[in-house]
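J.: Just dropping this structure here.
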Ligand code: ACM
C-alpha cells in the first residue's frame, strides 16, 4: 500500500510555465485525524484501493463527478455533525441521489458524511486497510447507511453502497499548498530556485563552465544571475544537458529570469528503440530522431537492426545478409496520405500489400559508424540489436544452413507476426554464425552492451530437429525452452570476450521453461515489454537489471508506434487507439514496492517503435511525437514531480522548435484539437 502513497503526484494547478513562482498542491504523507476532518477547513485528495485498481475520486473514468486531469482536490467543510466535500476547482459539492454520486453547486444539496476512522486492519475489505489514514465516509438516506466508494468489486466507478460487502476503504490525504518555480524546460528539472532580477546581456561564448567530479556524471547546476551564466557539472554529459536546458529557456526569450537549476536524471537509461527491419529509415532520418532525443536528454538509441522482415546491418563476413536478407518480396507499404485541413493534420489510407519488392535496404558499416559518432556528439549511446534466435528469418533466408529445416529454405518474411523458422541453437556452426555477426557489430558500436533480442521465439522447429532433439535428451529437459537459455548463456560468454554485456527482451526470463539459473549467470539486462511489470519483477528477483518499456498497460504504455487515438483521421496502425499521449505520460514505470538494492536494478525507461505499419519518416514522427517526449520526462523527472497538466502546458511552447525543425507531430494533446468525425 505504501508504494502507492509514495508514487502519488504533486498536483499543479493553473500553471504558467515561464520561470514564475506559482502555487501547487502537494499531497502530505501525514495521517489525518478524524478530528481534523470533522473540524473542516482542510484540503484533501481521496483515493480508493480495491483488489483490482486504484481509483482517485474525481478522475473522469471513475466517476461522473469531475473530469479534470489528475486527482481532484476537495475542500472539507464542516456541515452539521459531519463534513461535506467541495471540489476546489469547480466549486461543486459531492452530492448523492440514492447510490449515485452526483455534483451540486448548492451546499444544501451537498452530502453530509460522517467519517469513521479505521485504526486497524479490517477483514471485509479488498484494501487490506491497515493504515492509519483509512476511512469510511458514511451517510444516512431513507433509513439506510451508505458508504462512499464501497463495494467496488467489478465496478468501474466508485459508488455509494450499503451493507456488508467487499468494501474498500477510502484513503484521505491532506493536501498542502506550496509555492513552486516553473520553467518551460522538458524534462522538468529536479530543483529550480528563482531569484530576483533578470539577465539581459549574455552570449553562449561567455558561459563559465566547470566539471566537478564530486557531482553525479549527468548532473549539472545552471546558475543565471544578473552577472552572467555559469554551469557546473559532473562531466561533459552534465554540461551538455545544462546547455539543453538553457536553449529551452532562451527559446522563450533571450532575457532570462535569474534562477539556479540543480538537476540530474532519475534513471541512467533513457532510451528510444527504432525498428528499421519492417521499414527502413535512412541515416539522415535517424539523425533527425537523434536530434529530438538529445533535446530531451535521452541517452540511448536502441537500433533494432534485424528481424524476420529484413536484415539491415552490413556484416562483411556474410554478404548475403544484405543482399538476400535485406530484400523482401512485398514492401507492405502503408500508402497513407497526409491531409492538412483547417490547420490540422489528418491521414487517410490503410496498410496493405503492394506486390512491389522492398529493398535491398541496409546500412554500411561506415554508415553505422557515422550514426554512432553523430549520437556521441549528442551524449547518446547506440545499442545495436540483432534479434535471435527467433525473429531471425532474414538471416536464415540468406544462410539456410543455420535453420532447423534447411530443405525448406524460408524466404524473408513479407507479412507480420512471428515466424516459426528460428536459428538452430543446437548446431555449433549456427551458434558460431551468430557470434561472428556479433563480433563485427561489437567492433562498430562502442557501447558496452549489445542486445540479442530473445523475444517471441517458438520452439516447434527445435522439437522436430535431430540436433535439438539430441541436446534435449542429453540434458534431460522437459521443455525445449532451456535451449534458448543455453544459447543466450553461450552468447553472453562470447560477448564478454569483447568487453560487452547483453540486453535481452523479457521472454528470456518470463517464457515458461526458461532456465533462470543460466539467465542469472548471463548478467543480461532485461528489457521488459510484456507483461512488463512481471518481467521487471522477474529480472529483479534474479538480480538482473531491468528496463521498462510497457507495450500497452492499463491506460497507456511506451510502445509509441501504436495508434494514439480512435479519431477517424488516424491512419491504420497497431493497437486499438487508446494508447494516448496522456496515457503514455501517466504510465508509472516503477510500480512495485522495492528495497533500495532492488530499486537500483531498474535502470530506466524506453520508448519503443515498431514499424510494421509505418513506412515513412513523416508518419514515424507523427506517432513518436510527442509520446517520445513523455517517455523522456519519465526517464529524467522524479515520479512525484511529474504532472500531466504541467507537462502539457510546457509542451505547447515546444511546438515552435518542432515546427522550425520540420517535425511532424500528433496534435491530439493540443488545446483546441477537434477530433475528426467523418471518415474519408
Ligand atoms: C517485442 O515487442 N516483441 C519485443
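J.: Stretched out fully, how many nm does the piece from residue 576 to residue 657 gain, at 0.36 nm a residue minus the Cα gap?
T.: Computed gain between residue 576 and residue 657 is 26.1 nm.
J.: Looking at the square roots a ≥ b ≥ c of the eigenvalues of the Cα gyration tensor of region 214-284, which shape do they give, rounded for a/c under 1.5, prolate if a/b is larger than b/c, or oblate?
T.: It comes out oblate by the Cα gyration axes.
J.: Taking Cα pairs under 8 Å and at least six residues apart, what relative contact order does the chain come out at, in percent?
T.: With pairs under 8 Å counted, the relative contact order is 12 percent.
J.: Tilt of helix 644-660 relative to the longest C-alpha principal axis of the chain, in degrees (0 to 90, nearest 10)?
T.: Approximately 50 degrees, to the nearest 10.
J.: Related question: Compute the label zone of residue 407 within region 462-477: residues whose backbone N is under 15 Å from the point 7 Å along Cα-to-Cβ.
T.: 464-467
J.: Could you put 584, 258, 630 in order, starting from the residue whose Cβ has the fewest other Cβ atoms within 10 Å?
T.: 258, 584, 630
J.: Would you please classify the overall shape of region 419-458 from the alpha carbon gyration tensor, given that a ≥ b ≥ c denote the square roots of the eigenvalues, rounded means a/c under 1.5, and beyond that prolate means a/b larger than b/c while oblate covers the rest?
T.: Note, shape of region 419-458 comes out oblate.
J.: Between residue 34 and residue 191, what FRET efficiency comes out of the Förster formula 1/(1 + (r/R0)^6) with R0 = 35 Å and r the beta carbon distance, rounded to 0.05?
T.: 0.45
J.: So, one more: Kindly put 558, 141, 171 in sequence by how many other C-beta atoms sit within 10 Å of each C-beta, fewest to most.
T.: Lowest count first: 141, 171, 558.
J.: Relative to the longest principal Cα axis of the chain, at what angle does helix 428-444 sit, 0 to 90 degrees, rounded to 10?
T.: 70 degrees
J.: If we count other beta carbons within 10 Å of each Cβ, what is the order of 254, 552, fewest first?
T.: Fewest to most other Cβ atoms nearby, the residues stand as 254, 552.
J.: How many percent of all Cα-Cα pairs in the chain sit more than 32 Å apart?
T.: In whole percent, the long-distance tail amounts to 56.
J.: Quick check: residue separation of residue 501 and residue 99 times 0.36 nm, minus the Cα distance between them. What number comes out in nm?
T.: Fully extending the segment from residue 501 to residue 99 adds 138.9 nm.
J.: Which value in deg cm²/dmol, rounded to the nearest 500, describes the helix-derived mean residue ellipticity at 222 nm for the chain, given -39,500 (n - 2.57) per DSSP H run of n ≥ 4 and division by the residue count?
T.: That comes out to -7500 deg cm²/dmol.
J.: Another question, then. For region 346-495, what does the alpha-carbon gyration tensor say about shape, rounded, prolate or oblate, given a ≥ b ≥ c as the root eigenvalues, a/c under 1.5 as rounded, and a/b over b/c as prolate?
T.: oblate
J.: Evaluate E = 1/(1 + (r/R0)^6) for residue 236 and residue 107, where r is the Cβ-Cβ distance and R0 equals 41 Å; express this FRET efficiency to the nearest 0.05.
T.: Calculated value: 0.10.
J.: Where both partners of a DSSP beta bridge lie in the chain, what percent of those bridges are antiparallel, to the nearest 5?
T.: 65 percent
J.: Before anything else, pin down the relative contact order of region 373-532: Cα pairs under 8 Å, at least 6 apart, normalised by residue count, whole percent.
T.: 23 percent
J.: Taking 0.36 nm per residue of separation and subtracting the Cα-Cα distance, what length does fully extending residue 493 through residue 78 add?
T.: Additional length available on full extension: 142.6 nm.
J.: Pop a pseudo-label 7 angstrom from the Cα along the beta-carbon direction at both residue 366 and residue 141 and give the gap in nm to one decimal.
T.: 7.6 nm
J.: Using a Förster distance of 45 angstrom, determine the FRET efficiency expected from the C-beta separation of residue 596 and residue 429, and round it to 0.05.
T.: Computed FRET efficiency for residue 596 and residue 429 comes out at 0.45.
J.: For region 506-526 and region 580-610, what is the centre-to-centre distance using only Cα atoms, to the nearest Å?
T.: 20 Å
J.: How far is helix 236-252 tilted, in degrees, relative to the longest principal axis of the Cα atoms in the chain, given as a value from 0 to 90 rounded to the nearest 10?
T.: It is inclined by approximately 60 degrees.
J.: I would also like to ask the following. With the crude spin-label approximation of a point 7 Å out along Cα→Cβ, what separation in nm comes out for residue 475 versus residue 517?
T.: In this crude label model, residue 475 to residue 517 measures out at 1.2 nm.
Taken together, the values in this text are just the output of simple stated rules run on the coordinates, not laboratory data. From a predicted model like this one, the values you see are computed outputs, not experimental measurements. Here the Cβ is made from the backbone with ideal geometry for all residues, glycine too, and neighbour counts use every protein chain on show.
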